[in-house]
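What follows is a single structure, written as structure tokens, with notes after it.
Nothing in this text is a laboratory measurement; each read-out follows from the coordinates by a stated rule. Note that the structure is a prediction, hence the values are computed from the model and not measured. Positions of Cβ are backbone-derived with ideal geometry, glycine not excepted, and every protein chain shown enters the neighbour counts.
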Ligand SMILES: Cc1cc2nc3c(=O)[nH]c(=O)nc-3n(C[C@H](O)[C@H](O)[C@H](O)COP(=O)(O)OP(=O)(O)OC[C@H]3O[C@@H](n4cnc5c(N)ncnc54)[C@H](O)[C@@H]3O)c2cc1C
Ligand SMILES: NC(=O)c1ccc[n+]([C@@H]2O[C@H](COP(=O)([O-])OP(=O)(O)OC[C@H]3O[C@@H](n4cnc5c(N)ncnc54)[C@H](O)[C@@H]3O)[C@@H](O)[C@H]2O)c1
């Protein structure tokens, strides 16, 4: 049975849900009316028990530091309950049906569409019914102290925790790690904020499927949710301000995805902006302006039952007391490669995850969490002499090692600039790592680009009758290494990691030529790419 364990490391998995969660991250939390005399003190205090905070806390505690993890809502954060896990659960049934339909012998067994009630029920299981009891057990099992409540800094290494109308002082002997994540950014312009729009939270936790859904934004949330709700039976209109989907990916990826969505009945309107919005009993009324270049140029009145605003996120720093330590609330917390916040004296403030604006995915945030955890565990190692490896202590961790650490050491998040993987779980899937061709050129690299039709490899013909896909790699000719790769097609999500390994390892292409892909798999495309490059 699926669980929301994506957030956790290898030390446990959360259990099944028992009751519905009432917590919602809306509105400003109240400050407590009562002040407790109690003062709690820990070596390290981590604010936010999302996937990233959990991992940072766990890692930091491994040399024996006392670590508190503070959470105002659900332990497990956005990913487990309103983001990665429920969205993937909503997408999976449509994927499985499409895969079966493309294989003669299996296709005939597919006699209907997606079973909406079963999909929503499975999503509820995956989110543990928005109950964090299992993740709490994991936190306790990891030897961390969980503090429930909303935390605000009140100065260097000190905080106030507000829980059930009571304020408690919390002190950090060595460090505070901010891992408070991000919230959906709803634009003020166009009146969208005033029509009770869905954000990703309402979309991923929906218990009914709107007959007509308008989606604003063609980024990752927009295209995944357009796919999911089209599968569930909504008539979906995707309104995109720019001229392509997934603007951070190679252009061919967004183009292939737009074609596939249109083929499945989604209306994709590019260069379309919402300029006015209202809601009444008939639904949400949107005034959409199409740029003249678009075929449907002019102004359109669109009515939908719900509108999902998927126009990006902003760091959750507004109500954190940042002003008490000389920082400006509301913005991202700028960090260096050791995840130390810039512009704060004393080396005590760190930040990881979405709140830094440096990473926007769980996996990359957890990478930064492992780095910051090791930095803290080594820098503030409480063991006499330090540096002794034990069962819980990451191998080779030492105070001296951390002090002299450089790029690609365990104490520096070097991959954030070199090799960030992203998978978009649409149909086709889109996956990429490293810079696009254009980004690599802008960075001044001597760029070579090689592409190959993924549908042309033997593994594709085994996968399905009508497999379509494409892979494109970006090569740094000066060093003869891969710096980026993009995959589009069914089942490409798990192909990405091979490219990530090649980029991080800076494997020369003449050496990569010796990495033989198995036959007949989709990975045979690696051989074809190298051949296409004249190897
Ligand atoms: C719809 C959607 C789908 C996604 N799908 C994927 C995916 O498939 N794969 C992927 O890698 N990424 C995905 N992401 C991105 C991923 O969800 C985020 O990158 C990830 O959740 C960031 O983790 P975090 O721990 O930094 O923040 P969060 O998960 O937001 O956790 C922060 C925690 O801090 C708590 N908090 C905030 N302020 C305070 C305070 N003052 N005091 C105490 N607690 C506080 C919050 O309640 C929250 O629990 C998706 C995002 C969305 C919106
Ligand atoms: N599979 C995954 O890994 C996954 C899935 C979903 C989300 N995420 C992460 O969650 C984060 C948020 O995703 P997202 O899709 O909300 O953000 P995004 O930044 O990927 O896309 C937002 C889109 O909205 C557009 N936009 C911005 N302001 C607008 C406005 N006023 N009007 C119209 N369009 C506007 C932008 O041009 C952009 O195309 C990202 O970091 C993403 O990587 C990851």
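Using R0 = 51 Å, the C-beta based FRET efficiency linking residue 465 and residue 173 works out to 0.20.
Going from the residue with the fewest nearby Cβ atoms within 10 Å to the one with the most, 35, 375, 178 rank 35, 375, 178.
You can think of it this way: the chain between residue 263 and residue 336 has 21.8 nm of extra reach, that is 0.36 nm per residue less the Cα-Cα gap.
Let me know the Kirkwood hydrodynamic radius for the chain, please, with Cα pairs as the basis and the value in Å to one decimal. List each step's numbers first, then the result.
Values: mean 1/r = 0.0403 Å⁻¹.
When all Cα pairs of the chain are included, the Kirkwood radius is 24.8 Å.
Of the DSSP beta bridges with both residues in the chain, give the percent that are antiparallel, rounding to the nearest 5. Write out the running numbers ahead of the final one.
Numbers: 55 of 90 bridges.
Restricted to the chain, the bridges split so that about 60 percent are antiparallel.
Summary value for the chain: 14 percent relative contact order, contacts being C-alpha pairs under 8 angstrom separated by 6+ residues.
Length gained on full extension, residue 301 to residue 395, computed as 0.36 nm times the residue gap minus the Cα-Cα distance: 27.7 nm.
Extension gain residue 103-residue 383, at 0.36 nm per residue separation less the Cα-Cα distance, in nm?
Values: separation 280, 0.36 × 280 = 100.80 nm, distance 5.93 nm.
Contour length minus the Cα-Cα distance gives 94.9 nm.
If you average the sequence gap of Cα pairs under 8 Å that are 6 or more apart and divide by the length of segment 300-400, what percent do you get for the contact order? Show your work: numbers first, answer last.
Details: 112 pairs, mean separation 16.1, N = 101.
Computed over segment 300-400, the figure is 16 percent.
Taking the Kirkwood radius as the inverse of the mean 1/r across Cα pairs, report the Rg/Rh of segment 428-533.
Values: Rg = 13.1 Å, Rh = 13.7 Å.
Answer for segment 428-533: 0.96.
Among 411, 519, what is the fewest-to-most ranking by other Cβ atoms within 10 Å?
Details: 411 24, 519 12.
The fewest-first ordering by Cβ neighbours comes to 519, 411.
Whole Å is fine, so just give me how far the alpha carbon centre of segment 61-97 lies from that of segment 471-535. Result: 31 Å between the Cα centres.
If you take the Cα centroid of segment 401-425 and the Cα centroid of segment 224-286, the two points sit 34 Å apart.
Inter-label distance, residue 513 to residue 40: 6.0 nm, where each label sits 7 Å from its Cα along the C-beta direction.
Averaging the sequence gap over all C-alpha pairs within less than 8 Å and six or more residues apart, then dividing by the number of residues, gives segment 61-174 a relative contact order of 31 percent.
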